[in-house]
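The values are calculated or read from the model by the stated rules, or taken from the named source; none is laboratory data. In this text, all values refer to a predicted model and were calculated from it rather than measured experimentally. Heads up, the Cβs are rebuilt from the backbone with ideal geometry, glycines too, and the neighbour counts pull from every protein chain shown. These accessible areas exclude ligands, DNA and RNA; they are computed on the full protein's heavy atoms, side chains included. Shrake-Rupley method; radii C 1.70, N 1.55, O 1.52, S 1.80 Å.
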Amino acid sequence: MSLLEIENLSLTIHETEILKRVSLCIGAGQIVAVTGESGSGKSMTALAVMQLLPNGAKTEGAIWLGRQNLLKQSEREMCDLRGAEIGMVFQEPMTALNPVKTIGDQVIETIPVHKAMSRTKASARAHEVLSRVGLPPDRFPLSRYPHELSGGQRQRVVIAMAIALRPKLLIADEPTTALDVTTQAQILDLLKGLAREYGMGLLMITHDLAVVADMADQIVVMRHGEVVESGATIDLLNNMQHPYTRKLFQASGHQVSLPEPPEPRPLLEVKNVVRDYRLPRNSLFAKAGQHRAVDDVSFTLNRGERLGLVGESGCGKSTLTRAILGLEEVQSGEIRLDNQPVFAGHKPNPAVRRKMQVVFQDPYGSFNPRHRVARLITEPFHLLESPPTGTERQDRIAEMLTAVGLSPDDANKYIHEFSGGQRQRIAIARALIIRPELIVFDEPVSALDVSVRAQILDLLAELCATYNLTYLFISHDLSVVRTITDRVMVMQAGRIVEQGETEQVFSSPRHAYTRTLIDAAPILPGIGANVA
Amino acid sequence: MLRYALKRLISLVISLVVASVVIFAVIEVAPGDPASFMLGVNAQEDTLAALRAELGLDGSKIQRYFNWVGGMMVGDFGTSYTYRTPVSQMISDRLWVSLPLALYALTLSTLIAFPAGIYAAARRGKPGDLTVMGVTQLGIAVPNFWFAMMLVLIFAINLRWFNAGGFAGWDKGVWTGLHSLTLPAIALALPQAAILARVMRSSLLDILGEEFMRTARAKGLSRRQALWRHGVRNALIPVLTILGLQFSFLLAGSIIIEQVFYLPGLGRLVFQAISARDLVVVESVVMLLVFAVITVNYMVDLAYAAVDPRLRGRS
């Protein structure tokens with residue numbers, strides 16, 4: 001008999017249909033992955049099992065945990081089940097822990113709530129589970145606060161909380177989305193090990209097929225609140241029935257073809273750049289410490305070349321980007337664009353500034369919501385000495401919107417009328433409108449669903465052909481960098497540890513760190529190739 | 001934690017020094033010569049000079065600043081120009097009314113606001129919340145002297161539970177003293193409580209939307225347990241800020257209430273001293289209030305650190 005059985009679960013929130021007759025089941029010790037794009041209802045399915053749905057939610061159908069129908073349990077009975085029978089791990093480890101309580105308190109708390117054991121036993125159990133998730137109390141005392149831990153360590157604490165009472169079912173909602181690839185691999189291993197060791201059922205919610213392909217026993221694909229396809233992982237991947245599953249799979253491993261780069265002629269030259277940050281002083285008279293975020297970095301970006309920059313969070317990618325864009329001054333070294341320094345006499349050089357544009361990661365936070373699209377995309381005009389006006393300005397707006405696949409009529413809309421993918425198109429239009437020599441893409445597709453990401457990558461490839469783009473593409477997603485760049489640099493702890501032709505670096509990495517990154521990155525099994 | 005406390009203490013001392021210079025300078029440039037004010041417009045020049053010398057107004061500005069600050073350090077605030085009594089005596093008499101009144105009002109406002117704010121946040125959008133929001137809106141809108149007059153009308157004149165005004169003094173016992181401060185404290189506390197309750201509510205609502213609250217629920221805590229164990233302490237930071245500001249206000253800003261209840265408090269002292277150009281008194285009371293405000297802020301800073309481990313610095 002299954003551990004968890006969801007039967008024809010339908011959910012409406014304030015009369016809006018969210019889930020339509022969803023069914024799936026999980027056996028003891030089994031790992032079931034629910035995958036789909038944003039808005040597919042995968043997280044709501046998880047929250048329905050926990051009965052932690054938002055206000056105004058109405059459910060139909062049944063969720064059987066053993067012999068209990070969770071939809072029929074009272075709130076009190078659910079409180080007894082949550083934490084004891086069902087544990088849950090959330091996406092964002094930075095905010096999933098209470099910042100004002102120690103990790104020990106938070107792990108122990110689960111136990112007395114369920115009156116499962118005495119105080120001393122509870123504390124011993126907390127020690128045990130924290131050690132099990134890789135935070136041995138002799139190195140990570142229970143008195144630590146969440147802010148003293150890294151993202152990966154916090155996620156381990158969240159997992160320790162969820163498994164403190166050895167629940168039969170563990171739900172993990174995008175548990176690794178916010179983490180670096182190497183940390184992701186460790187956390188996935190941990191979850192897999194726990195499921196096997198404790199015989200727990202594991203319900204994994206993820207948007208990333210590659211994450212679950214070599215881990216899940218079963219895959220459930222959802223779209224618009226419905227299950228479109230489900231089955232044992234190997235069968236499903238080898239024999240995809242539903243077109244949406246195929247589309248999702250193809251989009252995950254989407255490849256684009258870039259035009260050949262022209263003869264190398266240097267555009268951006270970065271020489272021995274060092275960027276230090278002052279640390280707060282430890283005492284009034286002590287010398288302030290320094291943190292070297294970028295350490296002696298040199299590279300050249302040629303005209304018409306597409307250069308990638310990869311590395312984990314905190315490696316100095318963003319600092320280097322800010323220095324290149326002339327947003328911050330560097331302590332030593334030189335950055336020149338077209339043979340002119342980006343920083344002239346402690347001030348950003350406007351002549352260089354107007355030759356560069358940037359596209360940021362977050363399509364929701366990078367626009368002023370009170371301006372219309374026309375005004376948003378013409379913002380870079382202020383860099384020009386004589387910005388176009390009148391019909392010339394209108395023509396440029398129309399041309400750019402068309403170039404990124406939108407309609408010229410969209411110029412009069414506000415940004416909230418657009419989806420995430422469309423917003424990223426608008427961001428690209430904004431960057432392109434002054435025909436910059438260099439565009440910096442700072443994780444431009446990381447916040448997008450796979451199918452939208454594939455479209456944006458296609459758009460970039462098209463634009464490369466039409467506008468002869470030169471760009472620096474920063475990403476933590478190796479598969480994206482692999483297809484969208486000619487050359488790649490790998491950054492670790494402020495240094496560039498390896499650079500070279502993209503294909504070469506990926507197929508035969510020379511530096512150990514590059515190998516670690518590539519090994520840690522989840523990949524779709526090769527069977528994906530024959531559906532394309 | 002100790003390092004944090006010391007660091008804050010250093011900034012407290014710096015603030016005090018800066019404040020004393022500013023106060024001294026502002027009072028110095030204010031128009032009106034106390035000596036000619038005291039002696040009238042027809043006074044002889046030599047009489048004025050003699051009085052200035054007597055009041056210590058004839059030295060250089062720097063010398064007078066250091067005399068003033070040095071005196072304050074040992075509790076000598078100088079002598080009032082108009083009453084010819086030591087300022088320290090005048091202030092301490094009034095402080096014994098104003099300080100307990102402020103603390104009393106603050107305690108009342110906290111006791112009303114915390115439960116009201118938490119109650120409203122826990123029942124967001126329901127009738128209980130709407131009632132609290134309506135009442136607090138009224139509490140903010142209605143001026144406190146109106147409350148004061150209503151309180152006098154009901155509890156002093158009609159019910160005769162309290163005196164309509166005046167202060168009985170502490171020498172007849174703590175209870176008698178508190179009794180005569182009760183109506184003014186309530187009048188002061190109500191508008192403050194209304195503000196504080198709203199801050200508490202909105203701060204707690206922000207926290208209730210945080211992801212760690214969902215984590216707490218996923219552990220099996222009930223809504224109420226999660227609110228008390230994980231919500232309230234996190235919600236306290238903005239509340240403490242407002243609380244600190246309110247204490248400073250209550251200490252000095254109660255002139256109207258002191259007037260309504262005829263209480264001999266600091267507010268009235270300053271008011272009288274300003275009208276009489278009694279600069280020594282004004283300077284000293286203002287400095288004292290600045291001292292109180294900065295000290296309260298220091299305590300609020302320490303309270304932040306007690307509530308939020310992230311502020312305690314690296315351990």
Scalar couplings 3J(HN,Hα) for the range A:402-416 by Karplus 6.51 cos²θ - 1.76 cosθ + 1.60 (θ = phi - 60°), nearest whole Hz, x for Gly and Pro, are 5, 4, 8, x, 10, 9, x, 5, 5, 4, 8, 8, 9, 5, 5
Please pull out the direction-averaged projected area of the range A:137-183, using the convex hull of its alpha-carbon atoms, in nm² to one decimal place.
-> 4.1
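How large is the charge dipole for chain A, taken about the Cα centre, if only the Cβ atoms of Lys, Arg (+1) and Asp, Glu (-1) carry charge, to the nearest 20 debye? Each step should come with its number before you reach the end.
On the way: 57 positive and 60 negative charges, 274 e Å.
I would put it at about 1320 debye.
State the antiparallel share, in %, of DSSP beta bridges confined to the range A:268-522, rounding to the nearest 5. Don't jump to the answer; show the numbers that get you there.
Working: 24 of 41 bridges.
So the antiparallel bridges amount to about 60 percent of the total.
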Quick one: Karplus J couplings for the range A:509-523, per residue in order, coefficients 6.51, -1.76, 1.60, θ = phi - 60°, nearest Hz, x for Gly and Pro?
-> x, 9, 7, 4, 5, 4, 4, 4, 4, 5, 5, 6, 5, x, 10
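Quickly estimate the mean residue ellipticity at 222 nm for chain B, helices only: each DSSP H run with n ≥ 4 gives -39500 (n - 2.57), and the total goes over all residues, rounded to 500. The partial results should precede the final answer.
On the way: 14 runs with 231 residues, N = 315.
Result for chain B: -24500 deg cm²/dmol, rounded to the nearest 500.
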Determine, for each peptide in A:444-452, A:426-434, B:104-112, the mean count of other beta carbons within 10 angstrom over its residues, then list the peptides with the highest first.
-> A:426-434, A:444-452, B:104-112
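Express the relative contact order of the range B:134-278 as a whole percentage, based on alpha carbon pairs under 8 Å and six or more residues apart in sequence.
Details: 126 pairs, mean separation 41.2, N = 145.
RCO, the range B:134-278: 28 percent.
Before rounding to the nearest 500, sum -39500 (n - 2.57) across all DSSP H runs of length at least 4 in chain A and divide by the residue total; then give [θ] at 222 nm in deg cm²/dmol. Please list the in-between numbers first.
On the way: 18 runs with 177 residues, N = 532.
Roughly -9500 deg cm²/dmol at 222 nm, from the helical runs in chain A.
Quick one: pull the percent of accessible area on chain B belonging to carbon and sulfur, 1.4 Å probe, ligands and nucleic acids left out. Display every interim value, and only then the final one.
Working: 10910 of 16200 Å².
Carbon with sulfur: 67 percent of the solvent-accessible area.
What relative contact order, as a whole-number percentage, does chain B give when Cα pairs under 8 Å and 6 or more residues apart are counted? Before the final figure, lay out the partial values.
Working: 334 pairs, mean separation 82.2, N = 315.
Relative contact order, chain B: 26 percent.
When ligands, DNA and RNA are left out and all protein chains stay put, how many square angstrom of accessible area per residue does the protein assembly as shown have with a 1.4 Å probe?
Details: 39090 Å² over 847 residues.
That works out to 46 Å² for each residue.
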Taking amide hydrogens as modeled 1.01 Å from N in the peptide plane, which residues meet the under 5 Å criterion relative to A:Leu406, leaving out close sequence neighbours?
-> none
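Can you give the average number of partner chain beta-carbon atoms within 10 Å of each beta-carbon in peptide A:76-87, as a whole number? Don't jump to the answer; show the numbers that get you there.
On the way: counts 1, 0, 3, 8, 1, 1, 6, 6, 2, 1, 2, 3.
If you average over the peptide's residues, the count of other-chain Cβ atoms is 3.
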Got a sec? Charge dipole of the protein assembly as shown, +1 on Cβ for Lys and Arg, -1 for Asp and Glu; which of A:Leu191, A:Met94, A:Ala160 is way out at the positive end?
-> A:Ala160
Beta bridges by DSSP in the protein assembly as shown, antiparallel share as percent, to the nearest 5 | 60
The range A:313-359 and the range B:58-132: distance between their alpha carbon centers, rounded to Å | 52
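How many Cβ atoms of partner chains, on average, are near each residue of A:50-60 if near means within 10 Å of its Cβ? Kindly include the intermediate steps, with their values, before the conclusion.
Numbers: counts 3, 1, 3, 0, 0, 2, 0, 0, 0, 0, 0.
Mean partner-chain Cβ count within 10 Å for A:50-60: 1.
Can you pull out the chymotrypsin sites (Phe, Trp or Tyr not before Pro) in the range B:244-301 that DSSP calls coil and that have at most 16 other Cβ atoms within 10 Å? All intermediate terms of the calculation are to be shown ahead of the outcome.
On the way: sites: B:Phe247, B:Phe249, B:Phe261, B:Tyr262, B:Phe271, B:Phe291, B:Tyr298; in loops: B:Tyr262.
Within the range B:244-301, the qualifying chymotrypsin sites (Phe, Trp or Tyr not before Pro) (loop, at most 16 other Cβ atoms within 10 Å) are B:Tyr262.
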log10 I(q)/I(0) for chain B, Debye formula on C-alpha points only (no solvent), q = 0.11, 0.12 Å⁻¹, two decimals, reads -0.85, -0.96
For chain A, what is the convex hull (Cα atoms) projected area averaged across all directions, in square nanometres?
-> 28.4
Expressed as a whole number, the average count of other chain Cβ atoms within 10 Å around the Cβ atoms of B:233-245 is 1
Fraction of accessible area attributable to carbon and sulfur, chain A (%, probe 1.4 Å) = 47
Any chance you could check the Cα centroid distance between the range B:234-250 and the range A:377-428 for me, in angstrom?
-> 46
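With solvent modelled as a 1.4 Å probe, how much accessible area in total do chains A and B shield from it at their shared surface, in Å² to the nearest 100?
Interface between A and B: roughly 2500 Å².
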With an 8 Å cut-off on Cα pairs and a minimum separation of 6 or more residues, tell me the relative contact order of the range A:4-252 in percent.
-> 29
